[in-house]
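To keep things clear, I will list the structure first and then write my remarks on it.
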Amino acid sequence: MPHFAAADLGGTTVACAIGDAAGHILRESSMPTRASEGPDAVLGRIAAELAALARDAGVSIRALGMGVPGRADLAAGVTRFLPNLPTQWRDVPVAAFLSSRLECSVRLLNDARLATLGELTYGHGRGVGTMLFFTLGTGIGGGVAIGGRLHMDEMGTAGELGHQTILPDGPLCGCGNHGCLETLASGPAIAAEGVRLLRAGLAPHLFELTGGDPGRVTPREMAAAGDESVRQAILRAARYLGIGVANLVTALHPELVVFGGGVAALGELLFAEVRAEVARRVRMFPIDGLRILPSQLGERAGLCGGLALASS
Ligand SMILES: [Zn+2]
């Protein structure tokens, strides 16, 4: 059986894996990106790590599928704009560099779309026609599958579900728009409201749980705290997320909506409110058959997507 490599490049961490076309991971690892050292150093470490993992597994790499946190020319294998990395990796020939080091073909894809592809190929999305995938983390990314295939354009930019306007005069977003879903329901957006409540003396349990340290306030800590004010903040973010989901459900009538990323770990508190909001807002057709679920692949959605991309 031929084997494939996957890499998921992030601003702070790079995940690497070796696996097969069925999505089975044989070896995996993660390491700090150390992006300040520049693209050549980062890519050199990724090549060395993948080669070491393949050696350890006793297999050779036929192709590599790699996720990048931003925009890339997919046909050329060149990154165009990775906003969270120093120098933003403008026009870095990532595929050519890794292809010469690893002696295999290399394909790039935006990281959220890569996770969507993973879920579609090996997770809840198997056999599904239309699926929406949201990555709820430091930002909100996404992807759309239509007719059982990832909906794509040549830059891999289709599917920026986190940058739809939810509040017309809402907070300024990193993308330049105001009131994007990302400014209201990302991990940092939820945590910022937790910190505000902590400082205002309105969240005594959260204060106790974090030792009063705002740096320790995360959505997960907030869910565990149990303060009514904090619970309401999470429910508000879930309602904003539900509005974003409802907009896309009305437009595309998917069978399945999947949430990945750290914020999805809020569990039923989040999911129940999102489902309720979607039911309140989608009125044009019945949505009894619509499933809204946490990712089956969890943190491995991106790496599994890399294997799917490499083997397709
Ligand atoms: Zn935005």
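The values are calculated or read from the model by the stated rules, or taken from the named source; none is laboratory data. Computed from a predicted model, the values in this text were never measured in an experiment. Every residue, glycine among them, receives a Cβ derived from its backbone with ideal geometry; neighbour counts consider all protein chains shown.
Identify, please: which residue in segment 215-243 is part of a helix (DSSP H, G or I) and acidic (Asp, Glu) and is, among those, surrounded by the most Cβ atoms within 10 Å (Cβ to Cβ)?
Start the filter on segment 215-243 by keeping residues that are part of a helix (DSSP H, G or I), which leaves 215-216, 219-225, 228-243.
Right, trim to acidic (Asp, Glu) and you get 221, 228.
On the way: GLU221: 16, GLU228: 10.
Checking each candidate, the answer is GLU221.
In segment 244-270, what residues are part of a helix (DSSP H, G or I), out of contact with any Lys or Arg (no Cβ under 8 Å at 6 or more places or on another chain) and surrounded by fewer than 18 Cβ atoms within 10 Å (Cβ to Cβ)?
Hits for segment 244-270 are ALA251, LEU252, GLU268.
Just one of the numbered conditions (1) within 13 Å of the ligand (Cβ to nearest atom); (2) closer than 28 Å to ALA310 by Cβ; (3) charged (D, E, K, R) is not true of GLU154; which one?
For GLU154, the failing item is (1).
Identify all residues within segment 27-81 that are polar (S, T, N, Q) and over 13 Å from ASP91 (Cα atoms); write none if there are none. Can you show your working first?
The first filter runs over segment 27-81 and keeps only residues polar (S, T, N, Q), leaving 29-30, 33, 36, 60, 79.
Across segment 27-81, the qualifying residues are SER29, SER30, THR33, SER36, SER60.
Kindly establish whether ALA47 is in contact with a Leu (Cβ under 8 Å, 6 or more places away or on another chain), surrounded by 15 or more Cβ atoms within 10 Å (Cβ to Cβ), of a type in the set (Gly, Ala, Ser) and outside any strand (DSSP E or B). Outline the logic, then answer.
Working: in contact with a Leu (Cβ under 8 Å, 6 or more places away or on another chain): yes; surrounded by 15 or more Cβ atoms within 10 Å (Cβ to Cβ): yes; of a type in the set (Gly, Ala, Ser): yes; outside any strand (DSSP E or B): yes.
So ALA47 passes the test.
Within segment 189-214, track down each residue that is touching a helix residue (DSSP H, G or I) at 6+ places or on another chain (Cβ under 9 Å) and within 21 Å of PRO171 (Cα to Cα).
ALA189, ILE190, ALA191, GLU193, GLY194, VAL195, ARG196, LEU197, LEU198, ARG199, ALA200, PRO214
Looking at segment 207-227, is at least one residue within 15 Å of the ligand (Cβ to nearest atom) and touching a Leu at 6+ places or on another chain (Cβ under 9 Å)?
First, the residues of segment 207-227 that are within 15 Å of the ligand (Cβ to nearest atom): none.
No, segment 207-227 contains no residue that is within 15 Å of the ligand (Cβ to nearest atom) and touching a Leu at 6+ places or on another chain (Cβ under 9 Å).
How about segment 50-92: which of its residues are surrounded by fewer than 20 Cβ atoms within 10 Å (Cβ to Cβ), outside any helix (DSSP H, G or I) and among the β-branched types (Val, Ile, Thr)?
Passing the criteria: VAL59, VAL78.
Kindly indicate whether any position in segment 29-39 is loosely packed, with under 15 Cβ neighbours inside 10 Å, in contact with a helix residue (DSSP H, G or I) (Cβ under 8 Å, 6 or more places away or on another chain), in a strand (DSSP E or B) and modelled with pLDDT of 95 or more.
Yes; the residues of segment 29-39 include at least one that is loosely packed, with under 15 Cβ neighbours inside 10 Å, in contact with a helix residue (DSSP H, G or I) (Cβ under 8 Å, 6 or more places away or on another chain), in a strand (DSSP E or B) and modelled with pLDDT of 95 or more.
Right, GLU273: closer than 18 Å to GLN164 by Cβ, in a helix (DSSP H, G or I) and in contact with a helix residue (DSSP H, G or I) (Cβ under 7 Å, 6 or more places away or on another chain) or not?
Details: closer than 18 Å to GLN164 by Cβ: no; in a helix (DSSP H, G or I): yes; in contact with a helix residue (DSSP H, G or I) (Cβ under 7 Å, 6 or more places away or on another chain): yes.
Considered against the rule, which asks whether it is closer than 18 Å to GLN164 by Cβ, in a helix (DSSP H, G or I) and in contact with a helix residue (DSSP H, G or I) (Cβ under 7 Å, 6 or more places away or on another chain), GLU273 comes out as no.
Please specify each residue of segment 167-198 satisfying the condition of being hydrophobic (A, V, I, L, M, F, W, C) and more than 10 Å from the ligand (Cβ to nearest atom).
First pass over segment 167-198, keeping only residues hydrophobic (A, V, I, L, M, F, W, C): 167, 172-173, 175, 180-181, 184-185, 189-192, 195, 197-198.
Residues satisfying the conditions are LEU167, LEU184, ALA185, ALA189, ILE190, ALA191, ALA192, VAL195, LEU197, LEU198.
Inside segment 239-263, can you point out the residues that are among the aliphatic types (A, V, I, L, M) and touching a helix residue (DSSP H, G or I) at 6+ places or on another chain (Cβ under 7 Å)? Outline the logic, then answer.
Here is the first cut: in segment 239-263, the residues among the aliphatic types (A, V, I, L, M) are 241, 243, 245-246, 248-249, 251-252, 256-258, 263.
Of everything in segment 239-263, those that are among the aliphatic types (A, V, I, L, M) and touching a helix residue (DSSP H, G or I) at 6+ places or on another chain (Cβ under 7 Å) turn out to be LEU241, ILE243, VAL245, ALA246, LEU248, VAL249, VAL257, VAL258, VAL263.
Within segment 121-144, which residues are more than 14 Å from the chain's Cα centre (by Cα) and touching a residue at least 60 places away in the same chain (Cβ under 8 Å)? Steps first, answer last, please.
Quick first cut of segment 121-144, residues more than 14 Å from the chain's Cα centre (by Cα) only: 121-131.
Result: THR121, TYR122, GLY123, HIS124, GLY125, VAL128, GLY129, THR130, MET131.
Only residues that are touching a helix residue (DSSP H, G or I) at 6+ places or on another chain (Cβ under 7 Å) and not in a loop (DSSP other than H, G, I, E, B): list them for segment 147-184, please. Spell out the reasoning first.
Within segment 147-184, the subset touching a helix residue (DSSP H, G or I) at 6+ places or on another chain (Cβ under 7 Å) is 150, 156, 159, 161-164, 166-167, 170-171, 173, 175, 177, 180-184.
Correct list: LEU150, LEU161, GLY162, HIS163, CYS180, LEU181, GLU182, THR183, LEU184.
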